[in-house]
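Trainee: After the structure tokens below, expect a handful of questions from me.
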Amino acid sequence: REYTTAEFCLRFGMHLLDGYVSGNDADSTWILDHHEVHLMLITNPDGRKKAEEGTFWRKNTNNKNGCSNSQKIGVDLNRNFAYKWKCCSGSSSDACASTYRGSSAASEPEIQALQNYVADIFPDQRQNDNNLNSPTNKHATGIAIDVHSYGQAIV
């Protein structure tokens with residue numbers, strides 16, 4: 001589970017650089033000349049290490065949430081973000097479940113670091129900072145692409 005996204009992001013970065021250096025890719029040149037590109041290859045180092053040990057693993061390895069089964073510990077970092085945490089089904093409050101969302105919104109250090117990093121490079125450009133549904137102004141800039149894998153697919 002943790003291999004595909006890192007490889008995909010690395011190859012995307014290589015594609016941009018190869019196109020830029022060769023001078024044969026106008027899109028890569030435009031992107032790199034006029035934008036900042038931040039690639040985060042691995043945001044779940046615990047999960048990556050478990051996967052390298054041959055385990056089909058999706059969570060971090062935080063074992064402080066009450067799960068006594070060492071093969072099911074951790075928090076599903078995809079479900080731990082502060083935005084709409086515990087909303088809309090799809091996550092579990094059971095610490096041993098594969099979709100365990102954590103004890104609170106952004107309870108995990110990986111998510112805290114990621115949210116802080118993104119907030120630093122993408123300042124809030126909405127017209128009303130207190131309303132998540134508020135539109136941005138017409139001069140807002142920036143794009144974030146969150147890459148996931150499931151089975152053999154990039155989603």
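Trainee: What is the list of residues in the range 22-53 whose amide nitrogen lies under 18 Å from a point 7 angstrom out from the Cα of Thr141, following Cα to Cβ?
Mentor: Only 27-39 fall inside the zone, counting backbone N under 18 Å.
Trainee: Output needed: Cys residues of the chain lacking any neighbouring Cys C-beta below 4.7 Å, sorted by number.
Mentor: Cysteines of the chain left without a disulfide-compatible partner: Cys9.
Trainee: Using just the helices of the chain, give the 222 nm mean residue ellipticity in deg cm²/dmol: DSSP H runs with n ≥ 4 each add -39,500 (n - 2.57), and the total is spread over all residues, rounded to 500.
Mentor: Helices in the chain give a 222 nm mean residue ellipticity of -10000 deg cm²/dmol.
Trainee: Where only protein heavy atoms count, and the probe is 1.4 Å, what is the accessible area per residue for the range 33-155 in Å²? Could the numbers behind the result be given before it?
Mentor: On the way: 8380 Å² over 123 residues.
Each residue of the range 33-155 exposes 68 Å² on average to a 1.4 Å probe.
Trainee: In whole percent, and with a 1.4 Å probe on the protein chains, what portion of the accessible area of the range 105-155 is carbon and sulfur? Show your work: numbers first, answer last.
Mentor: Details: 2030 of 3920 Å².
For the range 105-155, the apolar C and S fraction of the accessible surface comes to 52 percent.
Trainee: Right, something else. Quick one: how many Å² of Ile145 are accessible to a 1.4 Å probe, rounded to 10?
Mentor: Spelled out: Ile145, probe radius 1.4 Å, area about 140 Å².
Trainee: Could you tell me, in Å, what Rg and Dmax come out for the Cα atoms of the range 24-155?
Mentor: 17.7, 55
Trainee: Also, quick follow-up: When the Cα centres of the range 5-21 and the range 102-134 are compared, how far apart do they sit, in Å?
Mentor: The range 5-21 and the range 102-134 have Cα centres spaced 27 Å from each other.
Trainee: Still on this structure, I have one more. Counting only the heavy atoms of the protein chains, how much of Val118 is accessible to a 1.4 Å probe, in Å² to the nearest 10?
Mentor: 60
The values are calculated or read from the model by the stated rules, or taken from the named source; none is laboratory data. Model, not experiment: these values are computed from the prediction. Glycine also receives a Cβ, built like all others from the backbone with ideal geometry; neighbour counts cover every protein chain displayed. Just so you know, the surface numbers come from the protein's heavy atoms only, side chains and all, with ligands and any DNA or RNA stripped out. Shrake-Rupley method; radii C 1.70, N 1.55, O 1.52, S 1.80 Å.
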